[in-house]
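J.: This is the structure, below, for whatever I ask next.
The values are calculated or read from the model by the stated rules, or taken from the named source; none is laboratory data. Just so we're clear, the structure is a prediction, and the values are computed from it rather than from any experiment. Here the Cβ is made from the backbone with ideal geometry for all residues, glycine too, and neighbour counts use every protein chain on show.
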Amino acid sequence: MENESSAAVELARALAARDADRLLELMHPEIEFRALTPRRGWEADDAEGTVEVMLGSWFKETDHIDALERLDSDAFADRQRVGYRFRITNPEGRFLVEQQAYIEERDGQIGWLRVLCSGYRPLAASE
């Protein structure tokens with residue numbers, strides 16, 4: 001991992017902790033957010049809308065993020081990349097969710113964000 005305190009890494013950690021306040025601190029008020037999950041595309045053009053998608057639509061109240069299983073990041077040109085994997089438990093079972101995010105900063109915050117999500121992948125009972 002190149003920079004353990006980068007905005008990209010902080011985004012993954014705040015998402016794993018379901019910390020809406022920290023996510024809002026990290027995001028520029030006029031963030032350009034686009035994302036793809038297995039069933040649809042998502043867009044928001046402000047920090048509050050982005051956090052609502054990430055915490056209100058992607059992860060339900062019944063989803064417990066048990067662990068941040070994997071976290072890796074690097075930077076290239078004017079962008080940062082972070083990949084992260086969550087272990088999640090909910091009433092339907094145990095799952096892994098992996099996302100890849102690309103970030104560009106503006107005024108010291110995340111001003112441009114693209115995320116691609118694997119969806120909830122079931123874990124075998126032995127995992």
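J.: Go through (1) part of a strand (DSSP E or B); (2) in contact (Cβ under 8 Å) with a residue 40 or more places away in the chain; (3) surrounded by 15 or more Cβ atoms within 10 Å (Cβ to Cβ) and name the single condition residue 8 misses.
T.: (1)
J.: Give all pairs with beta carbons closer than 7 Å in which a residue from the stretch 40-57 that is at negative phi and assigned to a helix (DSSP H, G or I) meets a residue that is surrounded by 14 or more Cβ atoms within 10 Å (Cβ to Cβ) and β-branched (Val, Ile, Thr); count only pairs at least 6 apart in sequence or on separate chains.
T.: Pairs found: 47/31; 50/31.
J.: Name every residue in the stretch 44-59 that is within 14 Å of the chain's Cα centre (by Cα) and exposed (fewer than 13 other Cβ atoms within 10 Å of the Cβ), in order of residue number.
T.: Listed by number, the residues that qualify are 56, 57.
J.: Out of everything in the stretch 104-127 that is closer than 23 Å to residue 32 by Cβ and of a type in the set (A, V, I, L, M), what residue ends up being surrounded by the fewest Cβ atoms within 10 Å (Cβ to Cβ)?
T.: So, considering only residues that are closer than 23 Å to residue 32 by Cβ and of a type in the set (A, V, I, L, M), the one surrounded by the fewest Cβ atoms within 10 Å (Cβ to Cβ) is 116.
J.: Here is a follow-up. Residue 36 fails exactly one of the following numbered conditions: (1) closer than 14 Å to residue 114 by Cβ; (2) without any contact (Cβ under 8 Å) to a residue 40 or more places away in the chain; (3) assigned to a strand (DSSP E or B). What is the number of that condition?
T.: (2)
J.: Being of a type in the set (Gly, Ala, Ser) and closer than 16 Å to residue 34 by Cβ is the filter here; which residues of the stretch 76-103 pass it?
T.: Quick first cut of the stretch 76-103, residues of a type in the set (Gly, Ala, Ser) only: 77, 83, 93, 101.
Of everything in the stretch 76-103, just one residue is of a type in the set (Gly, Ala, Ser) and closer than 16 Å to residue 34 by Cβ, namely 101.
J.: So if I check each of 18, 22, 70, which one is at pLDDT 95 or above, of a type in the set (Lys, Arg), part of a helix (DSSP H, G or I) and out of contact with any Pro (no Cβ under 8 Å at 6 or more places or on another chain)?
T.: 22
J.: Now a separate question. Being buried (at least 18 other Cβ atoms within 10 Å of the Cβ) and more than 14 Å from residue 8 (Cα to Cα) is the filter here, so list the residues in the stretch 68-94 that pass it.
T.: 86, 87, 88
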